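A short write-up of the structure that comes next.
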2 protein chains.
Amino acid sequence: MIKVNFLYPNKPGSRFDADYYIGTHMPLAIRLLKPALKAVTAEVGISSAMPDQPPPYAAIANFTFESVQAFGEAVMPHYQKLQGDIPNYTDIEPVVQISEIRISE
Amino acid sequence: MIKVNFLYPNKPGSRFDADYYIGTHMPLAIRLLKPALKAVTAEVGISSAMPDQPPPYAAIANFTFESVQAFGEAVMPHYQKLQGDIPNYTDIEPVVQISEIRISE
């Protein structure tokens, strides 16, 4: 199984509308990426390791697929629509990571 | 529920022993952090969004706890042991993020 992460680095002065991200963008992404999408989480940053320090990332989304190919096939028809929604909640360009899931408990 | 991420940025010239990380360090962390640890995943980077580009992170670990307090109480007795194991697999200093889980499906 693979995981696709979208990580939004928390730059000073940047804009991130967590309510829109969680309430509108993520449900849209989830609806469009099913049934290939096997699991999903979305998290909003609280802090770094130090509770009084800002989080390195405003938010992180985690999408689980069976394979890189399955992810590619699922996202290609919807890529422009999803990317086009990003300015509605942020001016941060997300960092994208594709990983192999090696432990899952 | 909260998630604690340890993200290892993939710096050129850096060392990351994924076999030790997955086979030794993560099982140690999981054993020490239970029963407060509610869920865990560990992923090894494949690529960025472009399949021919290196992953931004060598690896990412994700730990789920009921609260920041539960995480703090679980990790404090074992923090030095876990941090002391890091040089056995990498010279990369992990980025640590604590987030609130807002979507989990």
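Data for the structure
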quantity	calculated
Within a Gaussian network of chain B (alpha carbon springs, distance under 10 Å), most fluctuating of B:Ala29, B:Ala18, B:Ala39	B:Ala39
Whole-Hz ³J(HN,Hα) from phi, Karplus 6.51 cos²θ - 1.76 cosθ + 1.60, for the stretch A:89-102, glycine and proline x	10, 7, 10, 8, 7, x, 8, 10, 10, 10, 9, 8, 6, 10
Rough spin-label spacing in nm, given labels placed 7 Å along Cα→Cβ, for A:Asp17 and B:Gln83	4.0 nm
Phi-based couplings in Hz for the stretch A:75-87 (Karplus 6.51, -1.76, 1.60; Gly and Pro marked x)	8, 3, x, 10, 4, 5, 5, 5, 5, x, 7, 4, x
Among A:Val95, A:Val40, A:Val75: highest mean-square fluctuation, GNM of chain A, C-alpha pairs under 10 Å	A:Val95
Equivalent ellipsoid semi-axes - Cα gyration tensor, chain A, angstrom	24, 18, 11
Partner chain coverage, peptide A:39-52 - average Cβ within 10 angstrom	6
Residue of A:Tyr79, A:Tyr57, A:Tyr21 that the Gaussian network model of chain A assigns the largest fluctuation, springs spanning Cα pairs under 10 Å	A:Tyr79
Distant-in-sequence amide H partners of A:Asn10 (H built 1.01 Å from N, under 5 Å)	A:Tyr57, A:Ala58
Dipole of chain B, positive end: most advanced residue of B:Ala49, B:Thr90, B:Phe65 [Cβ charges, Cα centre]	B:Phe65
Links that overshoot a 27 Å alpha carbon limit, given the list A:Lys3/B:Lys34; A:Lys11/B:Lys3; B:Lys11/B:Lys34	B:Lys11/B:Lys34
Rg over Rh, two decimals, the stretch B:26-68 (C-alpha only, Kirkwood Rh)	1.14
Whole-Å distance, taken between Cα centres, linking the stretch A:1-63 and the stretch B:1-73	16 Å
Relative pair counts by distance (%), Cα atoms of the protein assembly as shown, 10 Å bins	8, 35, 39, 16, 2
Inter-copy label distances at B:Glu93 (7 Å, Cα→Cβ; nm, one decimal)	2.6
Label spacing, shortest first and in nm, from B:Pro35 to its equivalents in the remaining copies (7 angstrom along Cα→Cβ)	3.7
At 7 Å out from Cα toward Cβ: A:Pro54 inter-copy label distances (nm, ascending)	2.8
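A short reminder: the numbers here are calculations on the coordinates, not readings from a lab. The structure presented is a predicted model; accordingly, all values stated were derived computationally and were not measured. FYI the Cβ positions are ideal-geometry reconstructions off the backbone, even for glycines, and counts take in every protein chain you see.
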